[in-house]
1. Starting from the 7 Å offset along Cα-to-Cβ, what nm value, one decimal, do you get for the label separation of SER200 and THR187?
2. Once you have all Cα-Cα distances for the range 181-317, histogram them in 5 Å bins from zero and send the whole-percent values.
3. Using the Cβ atoms and a cut-off under 11 Å, what net charge is assigned to the surroundings of ARG251, where Lys and Arg are +1 and Asp and Glu are -1?
4. Fewest first, what order do ARG52, ARG106, ARG196, ARG251 take by the number of other Cβ atoms within 10 Å?
5. Put a dot 7 Å past each Cα toward the Cβ at LYS56 and SER220; how far apart are the dots in nm?
Amino acid sequence: MTGAPHAGVPVREDGILCCDVGRDRYAFRSRDIRHVERAEYVRVDRGESKRRGTLKLGGQHVPVFALGEVLGGASSDSGANCFTGHVAVTGERGALVGWLVDRIARAADPGSANIAALPPILGAPATSWFEGIVRLGDDESALLIAPHLLASGAPRAEGREAEPVFARPRPTPVVDPEPVVVVFSTTVLPASAASRYALSGRQIAAIVQSTDPIAVPGCSDRVRGVMWWRRTVVPVIDFRSAADGTVTPHRRRLIVQCGARQHGALIALSIDSEVVMCRPAADHRLLPAVPCPPFASGVFDINGEPVALLDVDALLAADPRTVAS
């Protein structure tokens, strides 16, 4: 872009521009970036829609927003009369928008194999704000921003048509030659009269070790974050309050395939370490006297304890404000 008062940072068409806000890392496609400038050149000019200031580029006064604030967090910048960090400018000429961030770093084109779409279960506005998630290294990922939808006044997810930006792989779960039920305990589901839960082995894609999920701003309350499994982004489902710090973290996760109502989506459920596999037997009788959770197909006696047969589709379709009632 010509006419800028300062040289700024040269913009390349390929690759990824990583933007850090506090401890969170986001990314833009380089082709979406029109200009990068040091934040010290932003004129403090708070206005409507959380605008933090303006940046003069090529005769235009570009509104500047703190990326962290727009995504529902807080800006790490505390200066009243000046800013630190950088501004990444996106948009078309005449409709430019600047995003204030703490740090920027460039990364090579990761290739389509390292970019995955966010699953629809995350809900709006997360699936509107982000194209997906990009893997930058073995232990590093960033949420890939869709700047034209994040900009002030942009339509939300309900008005967005999906764009075929990249493939959405669908892993095949493990299929048992004989019916097997996986019995486990967890605290991430709404409270119920059952002490244990069960799923058909045919729904279990994998049992993996727990890692910290990647937080996604704007997602549904029941989604604690997302995780990579193979080349797929899997939402981590947790009905507990995020403010509840008294619950001991689970050490394992089930990767579970949903049914037709959720279009075969994959989700992850954190569970306790002890997992029991058993085949259905005649003595696994239904317990009609035990209240059945609204997200279960029944409560059964398995090895002398009540076990609720989990209905994953019903769990995800329920209103999170009432499912525990």
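1. Using points 7 Å along Cα→Cβ, the separation is 3.2 nm.
2. Spelled out per bin, shortest first, that is 2, 10, 20, 24, 21, 14, 6, 3, 1, 0.
3. 0
4. ARG251, ARG106, ARG196, ARG52
5. 4.9
Throughout, read-outs are computed from the coordinates displayed, never taken from laboratory work. Note that the structure is predicted; figures quoted are calculated from it, not measured. So basically every Cβ, Gly included, is an ideal-geometry build from the backbone, and we count neighbours across all protein chains shown.
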